[in-house]
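Below is one structure, written out as structure tokens, with a few remarks after it.
The values are calculated or read from the model by the stated rules, or taken from the named source; none is laboratory data. Please read all numbers here as calculations on a predicted model, not as lab measurements. Note that each Cβ is placed from the backbone with ideal geometry, even for glycine, and that neighbours are counted across all protein chains shown.
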């Protein structure tokens, strides 16, 4: 954790290192599994409010999903959805692609 002016602040550490600690994304993935639209979308908005770009969020989401303990077939399906969304976002995507991805993850069955 970074200390600035003798105060440690995890948000400053995250923004300077350009890496999210993953807790928020883990909660988002777990909310997808519980099919809780409201929570999932609030987590996404929170990340955007912290200043993250869609490409950053999707990269963090991929890493966290790959590390999570999920059924192998479900993990492969989620990673495929995330990979497809990543390509669309790199081609000039917007928040709409992120919402579309989250809906796919929520309705994965």
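Only one of the listed residues (24, 47) is assigned to a helix (DSSP H, G or I), at pLDDT below 90, touching a helix residue (DSSP H, G or I) at 6+ places or on another chain (Cβ under 6 Å) and farther than 20 Å from residue 93 by Cβ. That residue is 24.
One residue stands out in region 34-44 among those that are free of Cβ contacts under 8 Å to residues at least 60 places away in the same chain and not in a loop (DSSP other than H, G, I, E, B): the one that is surrounded by the fewest Cβ atoms within 10 Å (Cβ to Cβ), namely 38.
Residue-by-condition table, conditions (1) modelled with pLDDT under 90; (2) within 19 Å of residue 31 (Cα to Cα):
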position: 43; (1), (2): no, yes
position: 52; (1), (2): yes, no
position: 80; (1), (2): no, yes
position: 84; (1), (2): no, no
position: 104; (1), (2): no, yes
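Residue-wise test of (1) part of a helix (DSSP H, G or I); (2) in contact (Cβ under 8 Å) with a residue 12 or more places away in the chain.
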| site | (1), (2) |
| --- | --- |
| 58 | yes, yes |
| 61 | yes, yes |
| 64 | yes, yes |
| 73 | yes, no |
| 82 | yes, yes |
| 86 | yes, yes |
| 93 | no, yes |
| 96 | yes, no |
| 99 | yes, yes |
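Of all residues in region 83-109, which are under 13 Å from the mean Cα position of the chain (by Cα) and more than 14 Å from residue 44 (Cα to Cα)? 83, 85, 86 - these are the residues of region 83-109 that are under 13 Å from the mean Cα position of the chain (by Cα) and more than 14 Å from residue 44 (Cα to Cα). Within region 77-87, track down each residue that is surrounded by 15 or more Cβ atoms within 10 Å (Cβ to Cβ) and under 16 Å from residue 60 (Cα atoms). Answer for region 77-87, where residues must be surrounded by 15 or more Cβ atoms within 10 Å (Cβ to Cβ) and under 16 Å from residue 60 (Cα atoms): 78, 79, 81, 82, 85, 86.
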